[in-house]
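So that we are looking at the same thing, I have put the structure below in structure tokens.
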Ligand SMILES: C[S@@+](CC[C@H](N)C(=O)[O-])C[C@H]1O[C@@H](n2cnc3c(N)ncnc32)[C@H](O)[C@@H]1O
């Protein structure tokens, strides 16, 4: 038995003698993109309509250079505010409802198995300590994304939520681009994404934030895993910066729209 490449696909084949003639018979399709230890990764530069937990389980160890994960924050509320005859819904979708600890336990440790270098995890302030305590070997620091045009607070009885923390984890050193000193503050400020042709997701990240993380945490041709892809911000920026990506998102409407914005 041996491995045969056809185009960019790899097959396990054997030679079989049929009527005195030796013919090659395919035993198994192996995949594309072989890793150093003889395992296979799915096709790159695709946003897969697929649940994160199950898809992660199929990826080989130490195969991904950088992960950007933007999971649900479980902050949806069953409340609709009406302002200037416009309804403002605080319920983002049923994907944002559930038990946080149970949800994260289902996939985050697998991230560290498949990861080679850097993981950036968008989360909420209340969960920072939980993650830092759970993965102390890999946790490095917390970055802050400040949105200059956050959703307003109508009741005016507490602070406006204008910041999102991004946790930085590193499995091993060897890929970390220290940019200019001004770029290396643990803080970034942008408005929320406003460009109509790519804006369609309620919790969409601004491309500049993702660009900043990818420039620091990956190089040209690195393989990026875009977990909870949503509108495909990470995949779109990865493509622009000439990285390879694998996107995972389980809402088909978002998958279709995201693919369109990337030209897939
Ligand atoms: C916070 S949003 C991501 C937004 C994205 N970063 C962007 O810039 O557009 C989380 C996304 O995760 C998706 N999602 C929720 N649970 C999932 C799961 N188990 N597997 C894959 N995607 C999931 C939701 O449909 C939602 O689009």
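What follows is calculated from the coordinates using simple rules that are stated; it is not laboratory data. Owing to the predicted nature of the structure, the values given are computational and were not obtained by experimental measurement. Don't worry about glycine lacking a Cβ; one is built from the backbone with ideal geometry, like all the others, and counts go over all protein chains shown.
Please work out the C-alpha center-to-center distance from the range 192-229 to the range 23-37 and express it in whole Å.
Centre-to-centre distance over Cα atoms comes out at 33 Å.
Which of the peptides 227-238, 39-50 is most tightly packed, and how do the rest follow, judged by the mean count of other Cβ atoms within 10 Å per residue? Show your work: numbers first, answer last.
On the way: 227-238: 26.4, 39-50: 17.2.
Packing proxy ranking, top to bottom: 227-238, 39-50.
Which percent, to the nearest 5, of DSSP beta bridges fully inside the chain are antiparallel? All intermediate terms of the calculation are to be shown ahead of the outcome.
Working: 32 of 54 bridges.
The antiparallel fraction comes to roughly 60 percent.
Can you tell me the order of 120-130, 201-211 when each peptide is scored by its average per-residue count of other Cβ atoms within 10 angstrom, highest first? Please report the intermediate quantities before stating the final value.
Numbers: 120-130: 16.5, 201-211: 19.4.
Per-residue mean Cβ counts within 10 Å order the peptides as 201-211, 120-130.
Grab the alpha carbons of the chain, take their convex hull, and tell me the volume per residue in Å³.
Numbers: hull volume 42.0 nm³, N = 264.
Hull volume over Cα atoms, normalised by residue count, gives 159 Å³.
Separate question: Applying a 10 Å radius around every beta-carbon, put 14-25, 104-115 in order of their mean neighbour count, most first. Please list the in-between numbers first.
Working: 14-25: 8.8, 104-115: 17.8.
Order by mean packing, descending: 104-115, 14-25.
Most exposed first by the Cβ proxy, i.e. fewest other Cβ within 10 Å, how do 141, 163 rank?
Values: 141 11, 163 15.
Fewest-to-most Cβ neighbours within 10 Å comes out as 141, 163.
Please give the Cα centre distance for the range 1-17 versus the range 129-165, rounded to the nearest Å.
50 Å
Let me ask something else. Relative to the present Cα-Cα distance, how much length would full extension add between residue 189 and residue 4 at 0.36 nm per residue of separation? Write down the numbers at each step before the final one.
On the way: separation 185, 0.36 × 185 = 66.60 nm, distance 4.98 nm.
Separation in residues times 0.36 nm, less the Cα-Cα distance, equals 61.6 nm.
Give, in nm to one decimal, the length gained when the segment between residue 102 and residue 26 is fully stretched (0.36 nm per residue of separation minus the Cα-Cα distance). Kindly include the intermediate steps, with their values, before the conclusion.
Values: separation 76, 0.36 × 76 = 27.36 nm, distance 4.16 nm.
Stretched out fully, the residue 102 to residue 26 stretch lengthens by 23.2 nm.
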